[in-house]
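The values are calculated or read from the model by the stated rules, or taken from the named source; none is laboratory data. If you're wondering where the values come from, they're calculated on a predicted model, not measured in any experiment. Please note: Cβ atoms are built from the backbone with ideal geometry, for glycine as well, and neighbour counts cover all protein chains shown.
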Amino acid sequence: MINIVIAGPRGNMGKEAVRMVEKEENFQLKAVVDRKYQGFLMKDVDGMEPLNVPVYENMEICFQEVTCDVLIDLTSPEVGKKHMLIAFNHGVRPVVGTTGFTDQDIEELSKIAEEKKLGAIIAPNFAIGAILLMKFSQMAAKYMKDVEIIEQHHDRKLDAPSGTAVKTAQMISEVREPKTQGHPEESEQLKGARGADYQGMRIHSVRLPGLVAHQEVLFGGEGQSLKLRHDSFNRTSFMPGVKLACETVMKLNVLVYGLDQVIE
Ligand SMILES: NC(=O)C1=CN([C@@H]2O[C@H](COP(=O)(O)OP(=O)(O)OC[C@H]3O[C@@H](n4cnc5c(N)ncnc54)[C@H](O)[C@@H]3O)[C@@H](O)[C@H]2O)C=CC1
Ligand SMILES: O=C(O)C1=N[C@H](C(=O)O)C[C@H](O)C1
């Protein structure tokens, strides 16, 4: 049995994660951590599942009072980092879907996980199709070095570019020499027209109501192009990955960044 605490249970992802954990026989939801409703049970809070599970506002107190193996964090990067540090101090393994961590954050958190010999997973995308998209993009970039990433999300998203787009660019950059794309003398007539620059690769972020999470990776070559695309049409698409991460993190004693490291 894996004892689980979820942070962000009223969010888009948090709600789905609560349902997933409740469904799984080998998972037990011990508590949730919210910005509000200290001392309530979930069943007494509007927008939460009707469960006899306690709500905490303070992660520290939650871990003092509740037995927990895995923390699932689906909040914001500042909060997620704080939660991870508290989890490590209590011997709890974090599974973090929250995006927006810097390279420095990941390095710092990796060091702590290593010192404490505790498993942790930060996964910018839990959807299997998105992980495959990242892997296929890395494969393609060996042969086609001109690439632009277009990510599209709902208009409630706080971070841009998306964690998935950044991770895709990082994975591509492992196999691709830095290369400035487009005309060497190109100039933007409107600031931002060419998107964000990651080692010469361009990343474009679209935000529109009605969207969930979508990404295209476009490759161009002489007389040809290749387009890879993934769509998440709902948040249940992420849940098999969250489940896998909770099971896997119990066997780890280091921090793993990206489910691409878990799915061979
Ligand atoms: N890794 C993945 O596959 C996915 C990751 N995400 C990421 O997950 C995060 C959450 O996304 P959504 O659920 O769409 O956002 P959301 O805004 O719907 O939910 C975030 C929740 O966190 C809560 N929260 C904020 N501060 C808190 C605190 N101190 N303690 C407890 N709860 C707190 C908010 O009240 C809110 O309910 C974002 O960073 C997003 O980019 C989203 C979808 C998939
Ligand atoms: O905020 C979202 O919705 C999503 N965030 C993650 C990201 O930033 O890549 C994963 C997915 O794209 C949905």
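Structural remarks
- Of all residues in the stretch 105-155, those that are in contact (Cβ under 8 Å) with a residue 40 or more places away in the chain, over 16 Å from V249 (Cα atoms) and among the charged types (D, E, K, R) total 5.
- Residue in the stretch 103-123 that is modelled with pLDDT of 95 or more and near ligand 1 (Cβ under 9 Å from one of its atoms) present: yes
- Of all residues in the stretch 68-91 being in contact (Cβ under 8 Å) with a residue 40 or more places away in the chain, of a type in the set (V, I, T) and not in a loop (DSSP other than H, G, I, E, B), the one that is farthest from P161 (Cα to Cα): V70
- Residue ranges of strands (runs of 3 or more DSSP E) in the stretch 164-240 with at least 1 members touching a strand residue (DSSP E or B) at 6+ places or on another chain (Cβ under 9 Å) and among the aromatic types (F, W, Y): 196-198, 213-221
- Leading residue by the ranking (farthest from ligand 2 (Cβ to nearest atom)) among those in the stretch 92-123 that are within 17 Å of the chain's Cα centre (by Cα) and part of a loop (DSSP other than H, G, I, E, B): G119
- So K43, is it in contact with a Ser or Thr (Cβ under 8 Å, 6 or more places away or on another chain) and free of Cβ contacts under 8 Å to residues at least 40 places away in the same chain: no
- Pair list, Cβ < 9 Å and 6+ apart or interchain, from the stretch 5-30 residues that are closer than 23 Å to H90 by Cβ to residues that are modelled with pLDDT under 95 and within 16 Å of ligand 2 (Cβ to nearest atom): G8/S76
- Residue count for the stretch 27-46 satisfying the condition of being over 23 Å from the mean Cα position of the chain (by Cα) and not hydrophobic (A, V, I, L, M, F, W, C): 7.
- Whichever residue in the stretch 1-56 is within 11 Å of ligand 1 (Cβ to nearest atom), of a type in the set (D, E, K, R) and farther than 17 Å from V96 by Cα and, among such residues, is surrounded by the most Cβ atoms within 10 Å (Cβ to Cβ): R35
- The residues of the stretch 124-151 that are over 18 Å from Q261 (Cα atoms) and not in a helix (DSSP H, G or I), listed by number, are K142, Y143, M144, K145, D146, V147, E148, I149, I150, E151.
- Within the stretch 196-231, being within 16 Å of ligand 2 (Cβ to nearest atom), small (G, A, S) and within 20 Å of Q170 (Cβ to Cβ) holds for A196, S205, A213.
- Filter result (buried (at least 21 other Cβ atoms within 10 Å of the Cβ) and within 9 Å of ligand 1 (Cβ to nearest atom)) within the stretch 124-167: P124, N125, F126, A127, A130, H153, S162, T164
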